[in-house]
Amino acid sequence: ETLQRIVSTLVNKNDEIHNFIDMLNHTISNVQVNSSNAISELDEEFDGLYSVLHEMKGSMANTIQQEEARKIQALQDQLSQCSRALESSEELLELAVQSLDIKNPVELLEAARQIKDSVTVASAFRLSLKPKVSDSMTHMMVDFALEKRMLQAVKFLPVPKAPEIDVAACLVADNCITISWRMPEEDSRIDHFVLEYRKTNFDGLPRLKGEQRWELVDYIKATQYTLSGLKFDTKYMNLRVQACNKAVAGEYSDPVTLETKAFVFSLDSTSSHPNLKVEDTYVEWDPTGGKGQEKIKGKENKNRSNTASPKRSTNSPRASARGSRDRFAGESYTVLGDTAVESGQHYWEVRAQKDCKSYSVGVTYRNPGKFDQLGKTNSSWCIHINNWLQTTFSAKHNNKAKTLDIPVPDRIGVYCDFDGGQLSFYNASSKALLHTFRTKFTQPLLPGFMIWCGGLTVTTGLQVPSAVKTLQKSENGLGGSTSSLNNVA
């Protein structure tokens with residue numbers, strides 16, 4: 001047996017070595033290919049540089065030639081003027097010499113006067129005997145000393161340093177995370193950033209095992225990014241950032257862990273009314289749910305309303321851990337959440353189908369009677385919408401109702417401050433306050449829903465919106481309704 005173990009160990013080790021050899025050969029091949037690619041890219045970069053220099057040389061040479069032509073033209077124009085003036089001056093000089101031989105004083109005087117007049121207007125005396133342009137071309141000289149030093153300093157692109165996440169500037173609010181970071185030193189070659197994040201239930205640094213995979217957001221140009229539309233179904237989120245230049249990505253920043261805790265629950269199908277079809281966070285009225293069983297089993301089924309329908313899921317771990325309870329029956333048409341509120345501030349939202357005839361949204365203590373309806377006991381609070389014949393909107397508690405003279409919103413937000421003894425309902429879109437119950441909660445609360453002819457969708461994993469927090473600080477001063485049905489339970 002020992003020898004067999006040794007042989008097995010050697011075989012495994014040989015397999016490992018073979019695999020490692022294959023990996024090394026593959027790596028050598030990749031090094032050769034990547035080196036060839038790098039040389040090709042280097043050739044392309046230098047060819048591009050040569051092309052730019054050649055183009056610049058042609059442009060600057062053309063400028064010198066234009067300057068040469070301008071100067072030569074100016075000098076040639078001046079030379080032509082001098083030649084014409086000299087020719088005129090020589091003719092005048094010959095005439096003057098000839099006049100000296102005239103013997104008649106009168107004729108001599110007349111000739112002298114004509115010569116004087118001609119000399120006065122002669123172009124030779126109006127010429128500037130200074131060149132109009134200089135023969136110097138020093139202003140067309142170039143000095144590439146700085147450029148040469150820059151070219152000599154050209155190196156391979158450096159690997160960017162790891163960014164530093166500014167935890168103080170990060171913000172978690174309204175189911176969004178805004179993360180901000182900075183580079184440890186300025187780097188003009190950074191092209192973009194990459195953000196990675198993943199959900200976790202562990203505080204602190206990321207763990208190697210039991211973690212979800214990283215989600216990636218690429219090509220971020222700024223040093224800040226907002227992740228929106230999140231569902232906070234874990235307690236925390238790990239985030240990290242890396243900087244990338246044109247060729248290479250740097251190391252990731254030290255990861256940070258931000259708290260993203262929110263209230264998450266599903267609907268408890270194990271105790272829901274038989275006329276309700278429940279799937280995780282969706283419930284709809286099913287008129288055949290209870291009657292079908294009665295037709296099959298007759299009167300014997302009356303005392304077995306707590307038996308789960310085979311079509312319904314009974315595998316909820318939270319429901320199983322809490323133990324079984326009687327199904328709702330009669331006209332309660334109720335389903336509860338499978339997770340209790342025992343402390344803190346929580347928020348969730350509910351959307352009803354447009355054709356929903358009647359529904360209630362609220363909370364109840366853990367063990368309501370199976371025939372109880374939300375708002376008709378001193379241990380449950382809700383708002384109720386009735387669209388049968390005419391629309392009514394009311395707040396209910398302890399079998400008392402208060403009419404709410406406001407439009408029914410498409411989505412209803414539920415805010416529960418267990419420790420503060422407050423249950424508020426909001427228009428989930430505008431965050432306008434609909435109604436508030438104030439009391440002292442003495443037992444854990446379960447989200448509760450009643451539905452008749454229609455369906456409800458529940459959205460959980462939501463943080464308390466900033467607008468709701470602001471309204472809570474100002475209490476009821478911004479509108480809405482405070483319950484006159486308050487009852488210290």
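Computed over protein heavy atoms with a 1.4 Å probe, the carbon and sulfur contribution to the accessible area of the range 379-469 reaches 48%. Reported to the nearest whole Å, the Cα centre-to-centre distance from the range 151-227 to the range 1-53 is 30.
Out of the total accessible area of the range 78-151 (probe 1.4 Å, heavy atoms of protein only), what percent is carbon and sulfur? Carbon and sulfur atoms account for 61 percent of the accessible area of the range 78-151. Ranking A111, S430, Q76 by Cα position along the charge dipole of the chain, where only Lys, Arg, Asp and Glu carry charges on their C-beta atoms, puts S430 farthest toward the positive end. Solvent-accessible area of R182, all protein chains in place: 120 Å² (probe radius 1.4 Å, heavy atoms, ligands and nucleic acids excluded).
Based on a Kirkwood Rh over C-alpha pairs, give the Stokes-Einstein translational diffusion coefficient of the chain at 25 °C and viscosity 0.890 mPa s in µm²/s. It comes out at roughly 76 µm²/s. Shape analysis of the range 164-259 places it in the prolate category; the axes a ≥ b ≥ c from the Cα gyration tensor give an a/c of at least 1.5, with a/b above b/c. Sparse packing (at most 13 other Cβ atoms within 10 Å of the Cβ) combined with a DSSP loop state is found for the following GluC sites (Glu not before Pro) in the range 89-193: E185, E186.
Solvent-accessible surface of the range 164-259, averaged per residue with a 1.4 angstrom probe and all protein chains in place: 58 square angstrom. Here the dipole of the chain is about 4160 debye; that uses its Cα centre as origin and unit charges on the Cβ of Lys and Arg (positive) and Asp and Glu (negative). Between the Cα long axis of helix 105-120 and the first principal axis of the chain there is an angle of about 20°, rounded to the nearest 10.
For the chain, the residue among L86, I64, P158 whose Cα projects farthest onto the positive side of the dipole built from Cβ charges is P158. For the chain, the longest principal axis of the alpha carbon atoms and the long axis of helix 288-297 meet at an angle near 30°. Would the range 334-477 count as rounded, prolate or oblate if I go by the C-alpha gyration tensor, calling it rounded below 1.5 in a/c and otherwise prolate when a/b exceeds b/c, oblate otherwise? Rounded shape, in that the Cα axes give a/c under 1.5. With protein chains left intact and a 1.4 Å probe, residues in the range 360-454 average 41 Å² of accessible area per residue.
Count Lys and Arg as plus one, Asp and Glu as minus one, and take only other residues whose Cβ is under 14 Å from that of G344; the net charge is then -1. Measuring nothing but protein heavy atoms, the accessible surface of the range 164-259 at 1.4 Å probe radius is 46 percent carbon and sulfur. The charge dipole of the range 164-259, taken about its Cα centre with unit charges on the Cβ atoms of Lys, Arg (+1), Asp and Glu (-1) only, comes to about 360 debye.
Roughly how tilted is helix 2-99, in degrees to the nearest 10 and between 0 and 90, from the longest Cα axis of the chain? On a 0 to 90 degree scale, this one is about 30.
Taking every protein chain into account, the accessible area of the range 38-130 amounts to 83 square angstrom per residue (probe 1.4 Å).
The values are calculated or read from the model by the stated rules, or taken from the named source; none is laboratory data. Everything numeric in this text was worked out from a predicted model, so none of it was measured. Positions of Cβ are backbone-derived with ideal geometry, glycine not excepted, and every protein chain shown enters the neighbour counts. Quick note on the areas: whole protein, heavy atoms, side chains included, nothing else; ligands and nucleic acids left out. Shrake-Rupley method; radii C 1.70, N 1.55, O 1.52, S 1.80 Å.
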